[in-house]
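The values are calculated or read from the model by the stated rules, or taken from the named source; none is laboratory data. The model shown is predicted, which means the values in this text are computed figures rather than measured ones. Cβ placement follows ideal geometry from the backbone for every residue including glycine, while neighbour counts extend to all protein chains displayed.
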Amino acid sequence: MRARKKFVVIAYDIVMNRRRNKVVKAVMKYGGRVNLSVFECMLTDSQLAALERELWTLIDPKTDQVIIYPLCLDCYARIRYLPLKKEKNSGDSISIL
């Protein structure tokens with residue numbers, strides 16, 4: 001049986017460049033950047049837990065913040081990109097309806 005994945009949006013506000021770069025590298029292993037400090041990821045529960053554990057080792061909880069927004073599949077299906085999101089491989093625009 002295949003593990004169920006959930007869609008999450010991860011946003012961060014990291015004060016120091018060095019820590020920020022480490023957070024970016026960690027999150028990029030699991031998803032793609034959609035804005036300077038925002039990522040979209042499709043993760044299993046164990047992947048999300050592993051990412052959270054890794055992020056805790058990278059941030060300073062006194063000055064940094066990482067926010068993880070889990071989205072239901074119905075919400076995921078209604079995402080809108082303005083302008084339309086570009087596919088990495090084909091360069092074609094897509095619309096999520």
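In segment 1-31, the residue that is farthest from Asp64 (Cα to Cα) out of those that are exposed (fewer than 12 other Cβ atoms within 10 Å of the Cβ) and of a type outside the set (D, E, K, R) is Met1.
Residues in segment 25-49 that are free of Cβ contacts under 8 Å to residues at least 12 places away in the same chain and more than 24 Å from Cys75 (Cα to Cα): Lys25 only. Residues in segment 1-47 that are more than 19 Å from Leu58 (Cα to Cα) and not in a strand (DSSP E or B): 5 in all. Filtered by the rule that a residue be closer than 23 Å to Asn17 by Cβ and among the aliphatic types (A, V, I, L, M), segment 39-60 gives Leu51, Leu55, Leu58, Ile59.
Do we find a residue being within 17 Å of Lys85 (Cβ to Cβ) and aromatic (Phe, Trp, Tyr) anywhere in segment 64-72? Within segment 64-72 (the criterion being within 17 Å of Lys85 (Cβ to Cβ) and aromatic (Phe, Trp, Tyr)), the answer is no, since none of the residues qualifies. Scanning segment 67-97 for residues that are modelled with pLDDT under 85 and surrounded by fewer than 10 Cβ atoms within 10 Å (Cβ to Cβ) turns up Lys88, Asn89, Ser90, Gly91, Asp92, Ser95, Leu97.
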